[in-house]
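Asker: Pasting in a structure now, in structure tokens, and then I'll have a few things to ask.
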Amino acid sequence: MAGLWIGLLALAIAPPLRGPEAIQALLTTNQCLGCNFYAADLRFRRLPKAQLAKALLAEADLSFVDLRGADLRGSSLAGADLTGADLTGADLRGANLSRAILTRSRLTGAQLAGANLREAYLLDAIDPDLRQAQFCEATLPNGQFGPFCQLPPPSGR
């Protein structure tokens, strides 16, 4: 009985998959929650409806990847290259897209509430709904650039 508990505890505290193991899990099951894909090359992959909540995709090359309907809630895509990526209907709520390159990315129906788009590059992005996104110094689809900072209210008010 103690061996079973030790095995379950090891599973519960095991570090998230990373590198080749994470990529293999993603390609096999289309899910890898909390996995580490830091600086991974995932160009041109077809990953519709992938389950990638809380994944680390910072600095990853995701150019022209198909992430239609993917769950990327709370993921870090800071500095990622998403040039030409299809994020139609993707859930990016609370995701960190700071410094991400979203040139010509398709964002139709993507959920961006609470997403951090600070210094993101969205020139020629297709149909993003940025009404609930947080962005500061972002380059927007129309080429407009500015501070656009949404700061939290001062504490105690």
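The values are calculated or read from the model by the stated rules, or taken from the named source; none is laboratory data. Bear in mind the structure is a predicted one, so any value in this text is a computation, not a measurement. When we count neighbours, we look across all protein chains shown, and the Cβ atoms used for this are built from the backbone with ideal geometry, even at glycine.
Asker: Name the residues in region 72-115 that are more than 16 Å from Glu59 (Cα to Cα) and of a type in the set (Ser, Thr, Tyr), would you?
Answerer: Thr88, Ser105, Thr108
Asker: Which residue is surrounded by the fewest Cβ atoms within 10 Å (Cβ to Cβ), if the candidates are limited to region 67-114 and must be of a type in the set (Ser, Thr, Tyr) and part of a loop (DSSP other than H, G, I, E, B)?
Answerer: Thr108
Asker: For Ser98, work out the one condition from (1) more than 9 Å from the chain's Cα centre (by Cα); (2) modelled with pLDDT of 95 or more it doesn't fulfil.
Answerer: It fails just one condition, (2).
Asker: Which of the residues that make up region 33-66 are in a loop (DSSP other than H, G, I, E, B) and of a type in the set (Asp, Glu)?
Answerer: If the condition is that a residue be in a loop (DSSP other than H, G, I, E, B) and of a type in the set (Asp, Glu), then Glu59 is the only one that fits.
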